[in-house]
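Structure first, then comments.
The values are calculated or read from the model by the stated rules, or taken from the named source; none is laboratory data. It should be emphasised that the depicted structure is a prediction, and the values quoted were computed from it without experimental measurement. Please note: Cβ atoms are built from the backbone with ideal geometry, for glycine as well, and neighbour counts cover all protein chains shown.
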Amino acid sequence: MFINRFLGFLPKSNLKKALGFLNKGEYRKSCREFESYLARKAGVIGGKDQEMIRMYMVESFIEYARELEIAGKYDEAAIELEKAVELQPHYADVHFTLGCMYGISGKTVNARESIKRSLAINPDYFRARIMLAKSYRDDGKYDRCIEEMGMALSAAPDFFSEKVRELTREIRIEPDGKNADDLFELLLEEKPSSSQVSKQIALEAVQNGDYEYAITELKKSVSMNPNYPDLHNLLGIAYANMGMTDDAVMEFETALKVNPDYLKARINMALTLYEKGSSEEAMTHLKVIMNLDPENELANNLLKELEPVLNKR
């Protein structure tokens with residue numbers, strides 16, 4: 001299986017265990033192994049050469065936090081998100097979610113600061129703008145609330161614009177009334193898009209080995225988000241597991257056109273080309289990876305397998 005082959009290039013270590021658990025959707029175990037790996041590195045995985053590892057670690061912490069949130073363990077979810085933010089401080093949605101966890105736990109000052117950090121990264125983050133407005137309303141700072149609502153209107157999707165105007169009117173008339181509460185709840189309600197739903201279904205299908213179903217769902221998601229490299233990378237993995245290497249290569253290529261520094265897709269491309277017998281092309285991608293991440297263990301091990309093959313030619 002493609003994923004097992006991928007992991008086969010890593011030496012036995014906490015990192016290998018962590019990636020194995022991540023691929024199986026066992027996020028709690030993945031986080032703990034990543035933390036053990038981080039401890040061995042004395043807490044330092046900075047720099048461009050460690051970007052791929054940081055990417056996987058952040059993904060694990062976010063997914064585990066999501067599980068804790070669903071279970072109602074908001075303080076614990078916040079702790080995992082704090083770890084994600086420390087590793088990657090430039091994800092607006094992670095700061096926003098962390099702010100929500102703080103808010104539920106009654107940590108209003110921390111909540112507002114996290115929301116502000118989210119907006120510093122993406123000033124047009126609509127839900128974050130509404131959440132900040134609500135925090136000012138809850139503190140009785142109605143002028144600040146109205147100011148934020150004006151900025152929220154500029155960032156609002158068209159189908160929410162009238163609701164934003166209606167909420168602004170309610171705040172001017174009766175800011176603490178039921179109508180205002182209901183409108184805040186409506187605007188802050190998380191309604192995952194059909195593409196997000198398809199991606200989550202596909203991810204679970206890949207983890208369960210149901211690659212045909214994963215491909216069906218990912219095609220739906222890609223049709224709605226053609227410039228989302230994660231989707232193309234995941235579709236490539238599903239194709240590779242089905243033995244459809246040409247299709248897999250095409251999806252990895254698409255992901256890399258959107259983001260040439262996307263190391264996950266780059267290393268998946270190298271591995272697929274190697275499995276296909278295209279050693280020289282695989283080496284081309286490995287050289288790019290080594291420039292970005294010289295200490296990448298998987299790439300180094302694949303390089304050791306490739307060099308003897310190429311030297312015989």
Q) Residues in the range 112-143 that are surrounded by fewer than 23 Cβ atoms within 10 Å (Cβ to Cβ) and under 21 Å from the mean Cα position of the chain (by Cα): how many? A) 11
**Q.** Given (1) in the same structural domain as residue 178 (by TED's automatic domain parsing); (2) under 24 Å from residue 178 (Cα atoms); (3) small (Gly, Ala, Ser), number of the condition residue 99 does not satisfy
**A.** (1)
Q: Determine which single condition residue 90 fails, assuming it passes every other condition in (1) in contact (Cβ under 8 Å) with a residue 24 or more places away in the chain; (2) in a helix (DSSP H, G or I).
A: (2)
Q. Does residue 299 qualify as being assigned to a helix (DSSP H, G or I), within 25 Å of residue 25 (Cα to Cα) and either in contact with a Phe, Trp or Tyr (Cβ under 6 Å, 6 or more places away or on another chain) or of a type outside the set (A, V, I, L, M) (or both)?
A. no
Q) Within the range 144-191, can you find the residues that are closer than 13 Å to residue 127 by Cα and outside any helix (DSSP H, G or I)? A) 156, 157, 189, 190, 191
Q: Just need a number here: residues in the range 204-259 that are outside any helix (DSSP H, G or I) and not aliphatic (A, V, I, L, M).
A: 9
Q: Kindly indicate whether residue 32 is in a helix (DSSP H, G or I), among the basic types (Lys, Arg) and at pLDDT below 90.
A: no
Q.
If I ask for residues that are at positive phi and modelled with pLDDT of 90 or more, which ones from the range 35-85 would you list?
A. 72
Q) Has the range 211-234 got at least one residue that is touching a residue at least 60 places away in the same chain (Cβ under 8 Å) and farther than 30 Å from residue 134 by Cα? A) no
(Q) Given the options 99, 72, 103, name the one that is assigned to a loop (DSSP other than H, G, I, E, B) and either surrounded by 23 or more Cβ atoms within 10 Å (Cβ to Cβ) or more than 13 Å from the chain's Cα centre (by Cα) (or both). (A) 72
Q.
Considering only residues that are surrounded by fewer than 23 Cβ atoms within 10 Å (Cβ to Cβ) and β-branched (Val, Ile, Thr), which ones fall in the range 266-288?
A. 284, 288
Q: Of the numbered conditions (1) modelled with pLDDT of 95 or more; (2) among the charged types (D, E, K, R); (3) surrounded by fewer than 22 Cβ atoms within 10 Å (Cβ to Cβ); (4) outside the structural domain of residue 187 (by TED's automatic domain parsing), residue 165 fails exactly one; give the number of that condition.
A: (4)
Q: Can you give me the number of residues within the range 19-37 that are surrounded by fewer than 21 Cβ atoms within 10 Å (Cβ to Cβ) and either aromatic (Phe, Trp, Tyr) or within 15 Å of the chain's Cα centre (by Cα) (or both)?
A: 4
